[in-house]
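Working notes, beginning with the structure itself.
The values are calculated or read from the model by the stated rules, or taken from the named source; none is laboratory data. Because the structure is a prediction, the values reported are computed rather than measured. Counting neighbours? That spans all protein chains shown, and the Cβs are built from the backbone with ideal geometry, glycine included. Note: accessible area is taken over every heavy atom of the protein model, side chains too, but ligands, DNA and RNA are not part of it. Shrake-Rupley method; radii C 1.70, N 1.55, O 1.52, S 1.80 Å.
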Amino acid sequence: AQSVTQLDSQVPVFEEAPVELRCNYSSSVSVYLFWYVQYPNQGLQLLLKYLSGSTLVESINGFEAEFNKSQTSFHLRKPSVHISDTAEYFCAVTDSGTYKYIFGTGTRLKVLA
Amino acid sequence: NAGVTQTPKFQVLKTGQSMTLQCAQDMNHNSMYWYRQDPGMGLRLIYYSASEGTTDKGEVPNGYNVSRLNKREFSLRLESAAPSQTSVYFCASQRGIETEAFFGQGTRLTVV
C-alpha cells in the first residue's frame, strides 16, 4: 500500500539559510510525486511535481526536489529561504494502480528573521 | 473560473446529527477526493472517486458516505456526527493521476 513519511513535523530556519524538507514514500508500482504548500487558513497549492525524466525538478519560486528511486525519497530544498516561505509543506504520491492520492503528515517551515 | 467550490465553509453540529458537505468542480476533472486535516496528522483520504460512477474507500472511511452525483459533484455525508469528526474537510479534484490536484477552501466542522 502507498504511504508517505515526512519525518520532520517542524523545521525552524533563519532567513537566507538553506533548508531541506524530507519525504520518503512507499509504493510497489510506478509513482508520481508532488510537493504542495499550504499558507494559513488556505487550501493547498502545487509547488512542484515529478512524473518521469530528469530526477531534479524545480518550482518558479526557487524550490527544487530530487527524486531518488533507490532511496525512495523526494526531498524538497531551497538554497536561501525568505520570511514569506513560512508555511506548511506536504509531500504526496499517486500511483497508476489505485488512483489514490496520499499525503504525508506535513512539515511546518518557520523562517526566522 | 471557480475551480473547486465547497459548501458550507463553517458548520457546528451536535453529536448524532447528520449533514452533507457539498463539493463541485468546473474543470471537467475525472477524479475527486475528500480529505480531513487534523493537527499533526496531515491530510487523510476519506473517500475518492477515480471517475464518474465509481467511489472507493480511502484511509479513514468509517463514519462517512459519499455520492458522486455526476462528473462535477462529489458529496460527503456524516450520518451520525461524533466529536472525533471535528476537523477541517477538503475536497479536491484532478484530471488524471499524473496531474495537479486542485483544492477547495475547506469546511471547518465542529461536533459538540
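Residues are listed down the side, and each one gets a yes or a no for (1) more than 27 Å from A:S52 (Cα to Cα); (2) within 13 Å of the chain's Cα centre (by Cα); (3) assigned to a strand (DSSP E or B):
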position: B:Q17; (1), (2), (3): yes, no, no
position: B:A24; (1), (2), (3): yes, yes, yes
position: B:Y33; (1), (2), (3): no, yes, yes
position: B:G40; (1), (2), (3): yes, no, no
position: B:E52; (1), (2), (3): yes, no, no
position: B:F74; (1), (2), (3): yes, yes, yes
position: B:T99; (1), (2), (3): no, no, no
position: B:Q105; (1), (2), (3): yes, yes, no
position: B:R108; (1), (2), (3): yes, yes, yes
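Has region A:41-51 got any residue that is more than 10 Å from the chain's Cα centre (by Cα), of a type in the set (A, V, I, L, M, F, W, C), modelled with pLDDT under 95 and assigned to a strand (DSSP E or B)?
Restricting attention to region A:41-51, the residues satisfying the condition of being more than 10 Å from the chain's Cα centre (by Cα) are A:41-45, A:50-51.
Now restrict to residues that are of a type in the set (A, V, I, L, M, F, W, C): A:44, A:51.
Now restrict to residues that are modelled with pLDDT under 95: A:44, A:51.
If we keep only those that are assigned to a strand (DSSP E or B) as well, we get A:44.
Among the residues of region A:41-51, at least one is more than 10 Å from the chain's Cα centre (by Cα), of a type in the set (A, V, I, L, M, F, W, C), modelled with pLDDT under 95 and assigned to a strand (DSSP E or B), which makes the answer yes.
May I ask you to list the residues in region B:24-41 that are more than 12 Å from every other protein chain (Cβ to nearest Cβ) and open to solvent by less than 10 Å² (accessible area, probe 1.4 Å)?
B:Q25 - this is the single residue of region B:24-41 that is more than 12 Å from every other protein chain (Cβ to nearest Cβ) and open to solvent by less than 10 Å² (accessible area, probe 1.4 Å).
Condition check ((1) open to solvent by 20 Å² or more (accessible area, probe 1.4 Å); (2) modelled with pLDDT under 95; (3) more than 13 Å from the chain's Cα centre (by Cα); (4) within 14 Å of chain B (Cβ to nearest Cβ)) across all residues:
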site: A:V19; (1), (2), (3), (4): no, no, no, no
site: A:S27; (1), (2), (3), (4): yes, yes, yes, yes
site: A:K78; (1), (2), (3), (4): no, no, no, no
site: A:A92; (1), (2), (3), (4): no, yes, no, yes
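Take region B:97-112 and flag every residue that is more than 9 Å from every other protein chain (Cβ to nearest Cβ), touching a Phe, Trp or Tyr at 6+ places or on another chain (Cβ under 9 Å) and buried (at least 17 other Cβ atoms within 10 Å of the Cβ).
Matches in region B:97-112: B:T107, B:L109.
Given the criteria within 22 Å of B:D56 (Cβ to Cβ) and touching a residue at least 60 places away in the same chain (Cβ under 8 Å), does A:Y101 qualify?
Values: within 22 Å of B:D56 (Cβ to Cβ): yes; touching a residue at least 60 places away in the same chain (Cβ under 8 Å): no.
Criteria not met by A:Y101.
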